[in-house]
Amino acid sequence: PTFSARDRTGLVWGLLWAGIGQIFVLVYHFARRELKFLRNSAIYPLIQPPRPPVYGSFFDQTYKHLVQPSSFILMGLYLSGTWIISLMPDSYYEYDQPTEWVHVLAQLLVVDFFTVVNHIAEHSLALVYIASHKPHHRYISPQLFDAFDGSTTDTSLLILLPLFCTMRCLTFVNTWSYVAFGFAYSTHFMLIHSEWPHPGDNLSSLLGIYTASDHHVHHARFKYNYAHFFTYWDRMLGTYKKDVGNEQIEKKKKIS
């Protein structure tokens, strides 16, 4: 594909929908955290006891979330760069086909595979872990705003590299399938760091989709639940552990 106005239009649509996804997550989180919407403690208890202190107001944390280099600045540079200099397969620049939901699912499965491989490598290689992933794991009891709070090295290895490998492996994806994948990936990545479970988590678990409770197990225990979207790869590798509840997580954290 050549560099053209049409190419830039596709990029703009992708960035726009990624932004819409973030707005949706932030509004939803504001309603839960500040307005206590869907916060009945009997139905949606905190996944882990809250960590003190909470840094700043909701809007302070939103600002920090949006401007930190390891999140949207780096992601925006990656998405813009790969699109503009035509690093993507030709099909990604095709606008005349509708969203292929099977292709969206394929992207989520493949990116999750590369995520698991890289995630296990980060945890297994001490020097790599210290230089990349350790800053993110200071949050044993994560909150939604912690999703992209790490190092630029970690974002590059655990997010950008799997995205790039997925794009180079799946050479049949069109523009709108890629946009839908980006929307699903970015919103889910935020939601699994939530301090509260979400409506529909029971259905997600039945479908093999990771929940916030599942991801809390990874932050609390480190050696389980390496994927970000589906439980399938972790189940195959024997590294999946189901949420065992606040009391059990706290007990295991003290032991470890």
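Quick notes
- Just one of the listed residues (Gly81, Gly76) is surrounded by fewer than 17 Cβ atoms within 10 Å (Cβ to Cβ) and touching a residue at least 40 places away in the same chain (Cβ under 8 Å), and it is Gly76.
- Of all residues in the stretch 90-105, exactly one satisfies the criterion of being polar (S, T, N, Q) and over 10 Å from Trp176 (Cβ atoms), namely Ser91.
- The set of residues from the stretch 212-233 being under 27 Å from Gly14 (Cα atoms) and either in a helix (DSSP H, G or I) or modelled with pLDDT under 95 (or both) comprises Ala212, His215.
- Members of the stretch 69-87 that are small (Gly, Ala, Ser), over 16 Å from Val179 (Cβ atoms) and at pLDDT 90 or above: Gly81
- All conditions in (1) part of a loop (DSSP other than H, G, I, E, B); (2) at pLDDT below 85; (3) more than 30 Å from Lys134 (Cα to Cα); (4) not hydrophobic (A, V, I, L, M, F, W, C) hold for Pro50, with the sole exception of (3).
- Qualifying positions in the stretch 126-155 - open to solvent by 40 Å² or more (accessible area, probe 1.4 Å), touching a Leu at 6+ places or on another chain (Cβ under 9 Å) and in contact (Cβ under 8 Å) with a residue 40 or more places away in the chain: Thr152
- Residue ID - modelled with the lowest pLDDT, chosen from residues in the stretch 139-182 that are within 12 Å of the chain's Cα centre (by Cα) and β-branched (Val, Ile, Thr): Thr155
- Residue within the stretch 177-193 that is of a type in the set (Ser, Thr, Tyr), within 30 Å of Leu87 (Cα to Cα) and part of a loop (DSSP other than H, G, I, E, B) present: no
- For the stretch 84-120, a residue qualifies if it is in contact (Cβ under 8 Å) with a residue 24 or more places away in the chain, in a helix (DSSP H, G or I), closer than 16 Å to Thr171 by Cα and open to solvent by 70 Å² or more (accessible area, probe 1.4 Å), and the qualifying residues are Asp90, Trp101.
- Per this entry, His123 is not counted among residues that are out of contact with any strand residue (DSSP E or B) (no Cβ under 7 Å at 6 or more places or on another chain) and open to solvent by less than 30 Å² (accessible area, probe 1.4 Å).
The values are calculated or read from the model by the stated rules, or taken from the named source; none is laboratory data. Just so we're clear, the structure is a prediction, and the values are computed from it rather than from any experiment. Here the Cβ is made from the backbone with ideal geometry for all residues, glycine too, and neighbour counts use every protein chain on show. Accessible surface is based on the protein model in full, side chains and every heavy atom, while ligands, DNA and RNA are left aside. Shrake-Rupley method; radii C 1.70, N 1.55, O 1.52, S 1.80 Å.
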